[in-house]
Amino acid sequence: MEEKENGPTITFDDFKLNRQLLNAVADAGYTVPTPVQQQTIPLITAGHDVMGIAQTGTGKTAAYVLPLLMKVKYAQGTHPRAVILSPTRELAMQIEESIRLLAKYTDLRFLAIYGGVGPKTQIEEIKKGIDILVATPGRLMEIYMKGDLILKELKTLVLDEADKMMDMGFMPQIRSILEVIPRKRQNLLFSATMHARIEKLSEEFLEFPVKVEVTPAATPVETVSQMLYQIPNLQTKLNMLHYLFRNEEIFTRVIIFTRSKKNAEVVAEFVNDSARGTVRVIHGNKGQNMRINAMEAFRSGEVRFLIATDVASRGIDITAVSHVINFDVPMIYEDYVHRIGRTGRAEQEGASITFATEAEIHHVREIEKIIKMQIPEASLPPEVEVAKTKFAESQEMALEVDKQKRRTDPDFKGAFHDKKQHLHEGVIDKRTGRPFEEKKPTKIRGFRRNKS
Ligand code: AMP
């Protein structure tokens, strides 16, 4: 790492870490602490509550794991003295891996517990004695409620990817956990984004926190080039994938993000049929082992394509991803940053390509506000066959557009009904999927988009 503008380079030796940890850091190949580590490690070591705003890929895990290992020091007693909460199983496992890497010269006992597998083995492990527990909130509470986990020795609580935790609706579980753990403890909160919600959570959860922000909230990684294509419908998006993936030399290792499990399956089937190079899918319905195997196959280069939903994708740490494709625009706008952060890691050039239908373009504009830049746009290559928009898909998109308009203009009554008429007549513009002239306004009641 280069010299800091206002001082000499900080090294791991500058932190109050013991020899075991420094040796493990050296074995891990970490020569220079990353910016988040430089700022956070001294604060945590000094006992502060810390709120860290850092994306995955910045070294944030080691930024809290190292001082935590220093604090917990050696195996003692039976009950965990530190708990790290993670929104997903993948991230929990990745945190456990970081601990394994950095605690290798200590006798510390650590374990990751998460849902999707039976709790029996996890409970048996806990009973043997644990110093650091990594857990998804639901599973932690489940085991606690069974009486198989004692939390009264807890001295440190870490909330990792707190923004995701909130997005996934874990607040009730987190509040329950806060109620049953000792009040006197050190709290660390990490989030990829600095949202008003996170600020509020930190007020509830942290005491006189010191805030560390390594990159401005929601700034895309600089090494990632971005491109946007407006594509009228799902089939044309698939055709575009087919077109892109013919170029095997450029699209070497691709993650395709979809909004829903259903789309993940549709894309997987299509890519498997049309492109050479095998495909794996990860989403919430896949069993734990299948997800692990899929990630491993992708990591090792055995498969060229990984198809993932946002929830399943948190915690994926795979370098040398050549392209991230947003097959669907994420509805949680910060996920855009997380998604494209999968490429352009470790100083490598990466590219992100976003497909947006007319209904999705509204969300692209919102994302652009967050990332404070306009995503460059290109028109669909002429070789890509533009398919006719299916009736149900048109309807869904028209409803979505109506909803967006109603949100920005409370007087807008909706044009969906008219569109439906036109759609029956088959006069929708197949290339753009553009909505029709608004005629008789019809109020649509009770429609909710299927949030899968
Ligand atoms: P994280 O942001 O915690 O997901 O870390 C991203 C990646 O950076 C992981 O693969 C870590 O092993 C790696 N890493 C963490 N700290 C350092 C460091 N100081 N030097 C080099 N790599 C690091």
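The values are calculated or read from the model by the stated rules, or taken from the named source; none is laboratory data. Not measured: the values here are computed from a predicted model. Virtual Cβ from ideal backbone geometry, glycine too; neighbours counted across all protein chains shown.
Just a few scattered comments:
- Output for the stretch 176-218, where each listed residue is of a type in the set (Gly, Ala, Ser) and in a loop (DSSP other than H, G, I, E, B): ALA192, ALA217, ALA218
- Residues of the stretch 46-87 satisfying the condition of being crowded, with 24+ Cβ neighbours inside 10 Å and polar (S, T, N, Q): THR61, SER86
- Number of residues in the stretch 232-256 that are at pLDDT 90 or above and outside any loop (DSSP other than H, G, I, E, B): the value is 14.
- Helices (runs of 4 or more DSSP H) wholly inside the stretch 310-379 that include at least 2 residues being farther than 15 Å from LEU228 by Cβ, modelled with pLDDT of 75 or more and under 16 Å from the mean Cα position of the chain (by Cα): 334-340
- Residue in the stretch 79-101 that is over 28 Å from the mean Cα position of the chain (by Cα), in the same structural domain as THR136 (by TED's automatic domain parsing) and away from the ligand (no atom under 12 Å from the Cβ) present: yes
Residues are listed down the side, and each one gets a yes or a no for (1) modelled with pLDDT under 90; (2) in the same structural domain as LEU133 (by TED's automatic domain parsing); (3) aliphatic (A, V, I, L, M):
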{"position": "ASP160", "(1), (2), (3)": "no, yes, no"}
{"position": "PRO172", "(1), (2), (3)": "no, yes, no"}
{"position": "ILE177", "(1), (2), (3)": "no, yes, yes"}
{"position": "ALA192", "(1), (2), (3)": "yes, yes, yes"}
{"position": "ILE198", "(1), (2), (3)": "yes, yes, yes"}
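- Matching residues in the stretch 34-62 - criterion: being closer than 30 Å to LYS127 by Cα, in contact (Cβ under 8 Å) with a residue 40 or more places away in the chain and touching a helix residue (DSSP H, G or I) at 6+ places or on another chain (Cβ under 7 Å): ILE44, LYS60, THR61, ALA62
- Scan of the stretch 37-57 for residues that are closer than 14 Å to VAL158 by Cβ and part of a helix (DSSP H, G or I), ordered by number: THR40, ILE41, LEU43, ILE44
- Scope the stretch 1-27; condition of a type in the set (A, V, I, L, M, F, W, C) and at pLDDT 90 or above; matching residues: PHE12, PHE15, LEU17, LEU21, LEU22, ALA24, VAL25, ALA26
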